[in-house]
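J.: This is the structure I want to talk about, given as structure tokens.
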Amino acid sequence: MASHPALVVNDLTKVYGKDKAVAVNKVSFTVDRGELFGLMGPDGAGKTSIFRMLTTLLLPDGGSASVDGHDIIRDYRQIRNTAGYMPGKFSLYTDLTVEENLNFFATVFNTTVEENYHLIKDIYIQLERFKDRRAGKLSGGMKQKLALCCALIHKPTVLFLDEPTTGVDPVSRKEFWEMLKRLKDQNITILVSTPYMDEATLCDRIALIQQGSLLSIDTPENIVKSYPDILYAIRASKISSLLKVLSTNEEVASAYAFGEYVHVTFKHEGPHEKDILAFLHEQGLEDIEIKPTEPTIEDCFIKLLKK
Amino acid sequence: MSETVIHAENLTKRFGDFVAANALTLEVYKGEIFGFLGANGAGKTTAMRMFCGLSIPTSGKATIAGYDVYRQTDLIKKNIGYMSQKFSLYEDLTVLENIRFFGGIYELSNAQLKSKSDELITQLGLQHEAKKLVSGLPLGWKQKLSFSVALLHQPKIVFLDEPTGGVDPVTRRQFWDLIYDAADKGVTIFVTTHYMDEAEYCNRISIMVDGKIEALDSPGNLKKHFQVDSMHEVFYQLARGAKRGE
């Protein structure tokens, strides 16, 4: 028998309150064993509700899902034994030390720190000198590392990481993703959510989510490939005036800031370089550069959001 | 040369033996968008708290909107706006009530409150939400509203502490449109962010590493200096050398 996927999510739905606000709207996707799957979307998109349903902390209002073949409603006990969960909000015991927290979580899952130390070694080494410090007194980055250790100490088969890098600087974010890659090599399935679009390329596959609905599921490469328009990057001495001027041009379909450039798509096929250059000069802009550019995941997400 | 609104010279803050902010020297000008970058734990928050008159420096000099950070902290607070990612507004007050509350705190008259809140609600397109609780608004709207509220009393400088964290890419850009508008009207913007593309939108930026300002220039000049193509690489080159693990 072929092994079943690590996660199967089918029309999963969550509705809150008397207003029946739909937080998660018929969401379906599967995650293969050992896959690093990213759920990309802004705050309020429904990412946390999905995590809480899959970790059996919240009952769905429709649809079904299974984790490692276990149904999230019927088999919640098995899931709680085999899943690791790092919530977006720091949820360890702030008045226990680093070491006490880790021992506590190992004991709750009937194991010892020694038994699975190989899984957390790389991460724990960075924490070791603070092992007698209370968790509440750790810095943000250290808290995040301890939370990951505690989520791993019972050797989960599936790891749920809800926005582990939100508010973390680019260097620490990069280090965190390197840790995830090493875990993936140990055949742990990882579902991770993030609002940072640049992290998408580090996942095997991603789902873009907005207002409770999935907009697209694929590999980052394929999502970028399916971008329908030709995208131009335009630069001028003053980016705010460039944006304003471009929005008045009738040929321009969309224009938005993208780092030091403005990314622009047009209503009709090009070439556009000459016309736009003349137009921008006429409008008094200087130091203009215009070139076709490859879209990124962020461009794809913006395109989907504007639909 | 444009008017200087933030002037700091060797500004330092110690906690015991720990030097959280080490001899910071910088000038920020009227109408400038100044990006204040650094890794977690580099000392950004400590520096911001001194600039906002919330924390008295250990040594060094600074004036904010012309007021001294040791002796005139109340005047500083009246002349700046502040917006953080964590605390935005009162969730259990309506949009209108929040505007009136913060306007009242900053001693706006009833007539000013009326005209200001009408203007702000129209500008943000929140006519239908004016009498709804803030808790029901999407995060992006809350952040736009709280930025506008931070500008209610027409401060000379507004401090924005990671205003766009977790916001979707379209709303993030709309937020920057508001920043540009404010800067065009002469308000100085002092902003922290972990999005390196946003660093490119600033006129100048500084990068803090282990309590010190290690780089300060326009994004273009910094890239030239470090011989790289993106601010991300500039940041990475500087911050990966950090010894202070938060």
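J.: Taking the convex hull of the Cα atoms, report for the stretch A:57-158 its projected area averaged over all directions, in nm². Intermediate values should be presented prior to the final figure.
T.: Details: hull surface 28.0 nm².
Mean projected area of the Cα convex hull: 7.0 nm².
J.: May I pose another question? Tell me, in nm to one decimal, what length is gained between A:ASP11 and A:GLN186 on full extension, where the rule is 0.36 nm per residue of separation less the Cα-Cα distance?
T.: Contour length minus the Cα-Cα distance gives 60.0 nm.
J.: Separate question: Order by neighbour count: B:ILE6, B:ILE56, fewest other Cβ atoms within 10 Å first, most last. Don't jump to the answer; show the numbers that get you there.
T.: Numbers: B:ILE6 22, B:ILE56 12.
Result, fewest neighbours first: B:ILE56, B:ILE6.
J.: Please give the net charge around A:ASN249, taking every other residue with its beta carbon less than 14 angstrom from that of A:ASN249, where Lys and Arg add +1 and Asp and Glu add -1.
T.: On the way: positive: A:LYS244, A:LYS267, A:LYS274; negative: A:GLU250, A:GLU251, A:GLU273, A:ASP275, A:GLU282.
After counting each charged neighbour, the total is -2.
J.: Mind checking the angle between helix A:170-185 and chain A's longest principal axis? C-alpha axes, 0 to 90 degrees, to the nearest 10.
T.: For A:170-185 against chain A, the angle is about 60 degrees.
J.: Give, in whole angstrom and from largest to smallest, the semi-axes √(5λ) of the equivalent ellipsoid of chain B, with λ running over the eigenvalues of the Cα gyration tensor. Intermediate values should be presented prior to the final figure.
T.: On the way: eigenvalues 189, 90, 53 Å².
Working through the eigenvalues yields semi-axes of 31, 21, 16 Å.
J.: To check my understanding: the extent here is largest minus smallest coordinate of the Cα atoms along each principal axis. What are those three numbers for the stretch A:231-306, in Å, largest first?
T.: 33, 25, 20
J.: Can you tell which of B:GLY16, B:GLY43, B:GLY104 shows the greatest fluctuation in a Gaussian network model of chain B with Cα springs below 10 Å?
T.: B:GLY16
J.: If eta is 1.306 mPa s and T is 10 °C, what Stokes-Einstein diffusion coefficient results for the stretch A:217-259, Kirkwood Rh from Cα pairs, in µm²/s? Present the calculation step by step, with values, prior to reporting the outcome.
T.: Working: Rh = 12.4 Å.
D = 128 µm²/s.
J.: Per 10 Å bin from zero, what fraction in whole % of the C-alpha pairs of the stretch A:1-133 is there, up to the bin with the longest pair?
T.: 10, 33, 32, 21, 4
J.: Which aspartates and glutamates does B:LYS131 reach when only Cα atoms under 18 Å apart count, and residues fewer than 8 places away in its own chain are ignored?
T.: The reachable aspartates and glutamates, counting only those whose Cα sits under 18 Å from B:LYS131, are A:ASP19, B:GLU91, B:ASP92, B:GLU97, B:ASP118, B:GLU119.
J.: Still on this structure, please answer the following. Which value, in Å³ per residue, describes the convex hull spanned by the Cα atoms of the stretch A:117-181? Can you show the working numbers first?
T.: Values: hull volume 6.3 nm³, N = 65.
So the per-residue hull volume is 97 Å³.
J.: Can you give me the pair-distance distribution of the stretch B:184-246, C-alpha pairs, 5 Å bins, whole percents?
T.: Computed distribution, short to long bins: 4, 16, 28, 26, 14, 7, 3, 1, 0.
J.: Right, something else. Tell me the net charge near A:GLU178. Cut-off is 13 Å between Cβ atoms, A:GLU178 excluded, with +1 for each Lys or Arg and -1 for each Asp or Glu.
T.: Summing Lys and Arg as +1 and Asp and Glu as -1 gives +3.
J.: Limiting things to C-alpha atoms, what are the Rg and the maximum Cα-Cα separation (Dmax) for the stretch A:100-237, in angstroms?
T.: Values for the stretch A:100-237 (Cα only, Rg and Dmax): 18.2, 63 Å.
J.: Another one. I'd like the distance separating the alpha-carbon centroids of the stretch B:42-113 and the stretch A:29-99, in whole Å.
T.: If we compute the Cα centre of each part, the gap is 39 Å.
J.: Is the stretch A:135-215 rounded, prolate or oblate when judged by the Cα gyration tensor, a ≥ b ≥ c being the square roots of its eigenvalues, rounded requiring a/c under 1.5 and prolate requiring a/b larger than b/c?
T.: Oblate is the answer for the stretch A:135-215, as a/c is 1.5 or above yet b/c matches or exceeds a/b.
J.: Quick one: B:CYS52, B:CYS202, fewest Cβ neighbours within 10 Å first, how do they rank?
T.: Details: B:CYS52 20, B:CYS202 23.
Final ranking by Cβ density, sparse to dense: B:CYS52, B:CYS202.
J.: When a footprinting reagent is the concern and you count Cβ atoms within 10 Å, what order do B:GLU233, A:GLU114 take, fewest first? Intermediate values should be presented prior to the final figure.
T.: Numbers: B:GLU233 16, A:GLU114 8.
Starting with the residue having the fewest Cβ neighbours, the order is A:GLU114, B:GLU233.
J.: For chain A, what's the radius of gyration and Dmax over Cα atoms, in angstrom?
T.: Answer for chain A, Rg first and Dmax second: 22.8, 73 Å.
J.: Another question about this same structure. Given the alpha-carbon gyration tensor of the stretch B:8-100, what are the semi-axes of its equivalent ellipsoid in whole angstrom, ordered largest first, with each equal to the square root of 5 times an eigenvalue?
T.: Equivalent ellipsoid semi-axes, largest first: 26, 16, 14 Å.
J.: Could you list the square roots of 5 times each eigenvalue of the Cα gyration tensor of the protein assembly as shown, that is, the equivalent ellipsoid semi-axes, sorted largest first and rounded to whole Å?
T.: Numbers: eigenvalues 297, 184, 123 Å².
They are 39, 30, 25 Å, listed largest first.
J.: Something else now. Too long at a 23 Å Cα-Cα cut-off: which of B:LYS13/B:LYS44; A:LYS137/B:LYS144; A:LYS174/B:LYS243; B:LYS13/B:LYS144; B:LYS30/B:LYS61?
T.: Values: B:LYS13/B:LYS44 11 Å; A:LYS137/B:LYS144 33 Å; A:LYS174/B:LYS243 16 Å; B:LYS13/B:LYS144 32 Å; B:LYS30/B:LYS61 19 Å.
In this structure, A:LYS137/B:LYS144; B:LYS13/B:LYS144 lie more than 23 Å apart at Cα.
J.: What do you get for the angle between helix A:273-282 and the principal long axis of chain A? Use alpha-carbon atoms, 0 to 90 degrees, nearest ten.
T.: For helix A:273-282, the angle is close to 70 degrees.
J.: Turning to a different aspect of this structure: Lys and Arg at +1, Asp and Glu at -1: add these up for the other residues within a Cβ distance under 10 Å of B:LYS223 and post the number.
T.: Numbers: positive: B:LYS224; negative: A:GLU260, B:GLU200, B:ASP217, B:ASP229, B:GLU233.
Within the 10 Å Cβ shell, the charges total -4.
Taken together, the values in this text are just the output of simple stated rules run on the coordinates, not laboratory data. The structure displayed is predicted, hence computed values, not measured ones. Every residue, glycine among them, receives a Cβ derived from its backbone with ideal geometry; neighbour counts consider all protein chains shown.
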